[in-house]
1. Return the whole-Å distance between the Cα centroid of region A:629-691 and the Cα centroid of region A:837-896.
2. Ignoring chymotrypsin sites (Phe, Trp or Tyr not before Pro) that are buried or in helix or strand per DSSP, and keeping those with at most 15 other beta carbon atoms within 10 Å, what is the longest stretch of chain A between them?
3. Expressed in nm to one decimal, what extension gain is obtained for the pair A:LYS7 and A:GLU885 from 0.36 nm per residue of sequence separation less their Cα-Cα distance?
4. So what's Rg/Rh here for region A:236-280, counting alpha carbon atoms and using the Kirkwood radius for Rh?
5. Angle, helix A:710-731 long axis vs. longest principal axis of chain A, Cα atoms, 0 to 90°, nearest 10?
6. Given Cα positions, please report Rg to Rh for region A:389-533, the hydrodynamic radius being the Kirkwood one.
7. Run the numbers for A:GLU813 and A:PHE272: contour at 0.36 nm per residue of separation, minus the present Cα-Cα distance, in nm.
8. Skipping prolines and chain starts, which residues have an amide H placed within reach, meaning under 5 Å, of the one on A:ASP284, given they are 5 or more residues away or on another chain?
Amino acid sequence: MSDILNKGYDPAEIEAKWYPIWEKNGYFHADETDTQRPPFCIVYPPTNVTGTLHMGHALTVAIQDMIIRWRRMRGDNVLWLPGTDHAGIATQMVVERNLKVTEGKSRHDLGREAFLERVWQWKHEKGGRISEQLRVLGASLDWERERFTMDEGCSHAVRETFVRLYEEGLIYRADRLINWCPRCMTALSDLEVEHKEGVPGELWRFAYPLADGSGEIVVATTRPETMLGDTAIAVHPDDPRYQAFIGKNVKHPLLGYEFAIIADAELVDPEFGTGAVKVTPAHDPNDFETGQRHKLKIINILNSDGTLNEQAGEFAGMDRFEARKAVKEAIEKSGFARGRNDYAMSIGGCQRCGTVVEPYISKQWFVKAGPLAAAASQAVRDRETVFVPETWEKTFFNWMDDIRDWCISRQLWWGHRIPAWYCSDCGHISVSRDDLTACAKCGSAAIVQDEDVLDTWFSSALWPFSTLGWPDETPDMQHFYPNAMMETGFDIIFFWVARMMMMGIHLLGKTPFATVYLHAMVRDHEGRKMSKSIGNVIDPLDVVYGIGKDDLLAKRRADAEALGIAPKQVERIVKDTRKLFAKGIPTSGADALRFTLLSMVGQGRDIKLDVHRVEGYRFFANKIWNASRFALMNLKDYDPQADIDPSAYGLAERWILSRLRRATLTANEGFETHHYDQSAMAVYHFFWDEFCDWYIELAKPTLYAKDDNPAARAATQRVLVRVLDTALRLLHPFMPFVTEEIWQALPKSEDHGPTIMLAPYPTADEFADAEAFAADEAPMAAIQAVIRAARNIRGECGIEPGRRIPVVIQAAEAERRDLLNRYAAEIRDLARIDTLDIVDHYDKQGPAAKGVVTGADLFVPLAGLIDIDEEIARVTGQLGKIEKELNGIDARLSKESFVSRAPAEVVQKERERAEDLRAKQAKLAEHIAELKG
RNA sequence: AGGCGGGUAGCUCAGCGGUUAGAGCACCGGCCUUACAAGCCGGGGGUCCGCGGUUCAAAUCCGCGUCCGCCUACCA
């Protein structure tokens with residue numbers, strides 16, 4: 001206790017202290033044998049591969065840890081399934097790039113096994129770092145479990161899934177046109193291609209001469225080099241311009257071979273370009289399908305690295321973009337060029353490296369997604385899985401209802417290797433759960449396993465159950481499947497959420513989670529994505545610990561330079577940063593950062609993070625600290641065991657308990673309806689605006705008057721402890737560290753365990769007594785109004801806060817006078833009044849400043865305090881406001897339609913309000929008249 | 001092209017059918033009042049994007065428009 005009394009709020013110190021204690025008390029591990037408490041299982045999404053948390057991770061961690069702490073406190077048996085980006089292209093790319101830079105080697109130089117060992121090293125090192133960073137925020141990542149599930153459990157599950165789907169015909173191998181990244185040298189799924197629109201380009205035209213020499217047909221293209229693989233020209237069957245051309249042959253202007261002009265209504269839009277389309281089945285998805293329809297020849301002109309192959313004749317060996325120029329030049333030279341237009345095209349880039357993706361013919365493995373998606377959609381339609389916010393369901397259906405087969409093979413080394421073996425004797429493909437040494441069909445030993453690995457998201461799709469031990473019947477499986485909740489950013493609905501649902505439903509017959517809670521994305525203060533190349537990344541740890549301007553500048557410069565950003569751009573980043581962070585980023589602590597993020601978890605799509613806002617919530621943490629110091633200072637003689645008669649509670653005690661009850665209800669409602677920001681704000685405002693600004697101030701007289709009234713003092717202490725204890729528990733999911741530190745120091749009547757997270761989350765049940773105190777809110781409001789009015793006069797008349805003033809309160813009703821009299825001491829204190837007279841009628845002895853509240857008038861005799869003209873101006877201002885509102889209400893009330901059609905209580909309320917305002921108006925007008933007269 | 005979300009105080013955002021539209025930061029005036037200057041007290045500031053409609057009542061519901069952002073899509 002004394003610790004807190006003597007120190008200021010120091011987040012760093014507290015944050016270092018409590019984490020081990022939470023860990024020791026089993027916070028991060030559920031008990032799979034515990035069948036008494038309701039299970040709650042939540043999935044944790046991938047962290048990144050660079051070993052640095054970004055703000056998006058901090059948000060995810062904050063939300064999940066908040067939910068988990070709340071669930072824990074409610075008594076649920078919580079299991080958190082952590083995960084990392086355990087088998088991605090990104091990981092391989094980063095390690096490979098590293099290898100190249102430090103040793104000048106490629107993964108092929110190292111060999112498969114040695115390379116994978118490198119990747120594991122990398123994963124462990126970065127994973128460990130991420131664990132550390134998560135601790136700072138109050139959360140955890142179980143790295144050992146992660147390694148296990150990747151190595152053994154998950155591999156087991158992946159093979160089981162692959163074999164089953166293969167046997168059911170839901171996984172197949174085929175030659176298809178897929179997305180190929182020439183830099184990563186691998187196939188990609190449709191989702192891994194990012195489309196950029198409006199890239200400036202050109203629509204370039206050239207002519208194919210008819211083979212019989214009778215003319216030519218002009219086509220338009222954005223990718224001239226693909227003409228080396230053209231095997232048809234297509235026109236619309238109804239296009240009058242081309243009727244005579246259909247069926248004729250053209251001659252390739254560069255390669256000499258001939259092919260036909262065909263009619264195809266599906267491919268050709270006669271309005272576009274020249275109305276004639278060159279068809280390249282090997283390098284364009286539409287053309288590929290046209291090729292299938294017309295049984296066209298498929299000529300692949302590309303190598304896997306994006307250079308042209310031997311099919312390209314003299315252009316073989318050139319890079320695709322070089323070849324584009326070369327082909328154009330060659331055609332121009334031979335006289336077949338037919339002009340150009342500027343044209344904004346859309347380009348697909350590799351999600352990981354940004355390289356322009358090529359449609360490329362190759363043999364790959366696919367998942368037949370249709371039936372799986374239909375079942376997943378149905379589960380959502382049947383409300384077995386609910387999306388929060390619900391609006392995402394539409395997005396989900398949009399994609400699911402029009403899903404295409406999923407290319408799952410990747411030409412990489414890092415990942416789960418495809419469990420298929422090819423027999424060179426009989427050609428049979430054996431797909432097996434166990435490693436094979438002989439062909440399953442002919443028994444030949446001449447088999448070789450597929451070199452490719454599976455898409456990261458294939459194994460990720462199994463996460464909700466592979467981590468629980470599936471396909472074995474484990475206690476974890478029985479207890480925690482289906483999971484209660486999936487919490488993640490909406491950017492991976494398709495990548496991950498949808499696929500987990502498809503797999504979970506298909507393999508286990510049950511949707512993997514009851515609720516999908518999707519949170520917004522963290523963006524910079526201008527709403528841009530945080531990105532190192534824009535230079536607007538805010539590292540959550542920099543907010544927690546704070547960072548000086550120079551360090552921040554250096555960091556951003558280094559990040560940008562490491563990415564190879566142009567020097568001019570780097571200078572711009574530095575300039576912007578210097579402007580925005582002239583003082584660096586102040587130390588805010590994990591609690592403040594968490595609270596900021598959580599208070600902004602609305603249902604929108606973006607969270608524009610302004611670091612200055614974090615500072616505001618750090619002030620809040622400080623406020624909690626200081627209010628607690630005040631309490632502890634005044635609790636030295638407090639006996640937690642003492643019997644307190646609630647009848648000793650004063651109005652302030654009953655009022656604060658009633659307000660606390662309301663805050664508790666709001667907080668719980670927020671949690672239950674996923675409006676977490678509502679919970680956070682309710683407690684924030686209770687704590688600061690009501691507890692600190694009013695209750696503590698009202699409690700001071702009782703607490704300071706040491707022995708005047710021991711019963712009242714004891715009652716006040718009891719309420720002080722109770723409010724603080726409850727408020728801390730309410731706040732714990734948002735600000736775990738500071739609440740724990742203080743809660744530990746509070747005197748308690750019973751053993752409260754080693755940590756606040758084992759204490760119950762406050763609910764209405766704790767406030768059976770306070771329900772009746774709701775009746776005390778109105779009288780309290782009356783007292784607050786009087787105090788505010790007195791303060792207003794003081795403030796507006798420029799009376800120094802130190803100076804005590806005389807006040808006369810005139811109240812016609814005896815009841816009101818009684819109330820004010822009972823709280824005269826508090827009113828005097830809070831409004832800094834020396835003599836307070838409460839009368840039924842005030843006979844003014846001279847000019848006075850006047851304030852009006854409902855049921856009472858306040859007078860401050862002028863006597864050298866106040867300038868008459870200023871007082872007139874002040875009151876005239878107030879009168880103006882009142883009249884403006886009154887006019888509005890009168891207008892409403894004078895409308896017959898309002899009085900007759902609006903609900904009676906609304907009309908009644910308006911009438912009362914009007915009456916009240918009219919009384920105030922009259923009093924103020926009279927006051928002005930007196931002053932003038 | 002389709003779908004989704006948003007435009008509220010100088011900034012970042014709450015409110016989403018009923019009293020005088022709120023918060024944090026910023027701003028103005030006054031205070032080191034024995035928990036807290038990371039604070040206290042008082043104050044100023046808003047055609048709630050535009051137009052139309054529904055309603056006794058609209059920032060809130062509906063329609064159209066406009067601007068911004070995101071997602072999905074095979075237009076050469």
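1. That distance is 35 Å.
2. Answer - A:273-933.
3. 311.2 nm
4. Rounded to two decimals, Rg over Rh is 0.97.
5. 10 degrees
6. Using Cα coordinates only, the ratio equals 1.08.
7. Extending this stretch completely gives an extra 186.2 nm.
8. Placed amide hydrogens put nothing under 5 Å from A:ASP284.
The values are calculated or read from the model by the stated rules, or taken from the named source; none is laboratory data. In this text the structure is predicted, and so the values were computed from the model without any measurement. Methodologically, a virtual Cβ is constructed for each residue, glycine included, from the backbone with ideal geometry; neighbour enumeration extends over all protein chains shown. We work out accessible area using only protein heavy atoms, side chains counted, and drop any ligands, DNA or RNA first. Shrake-Rupley method; radii C 1.70, N 1.55, O 1.52, S 1.80 Å.
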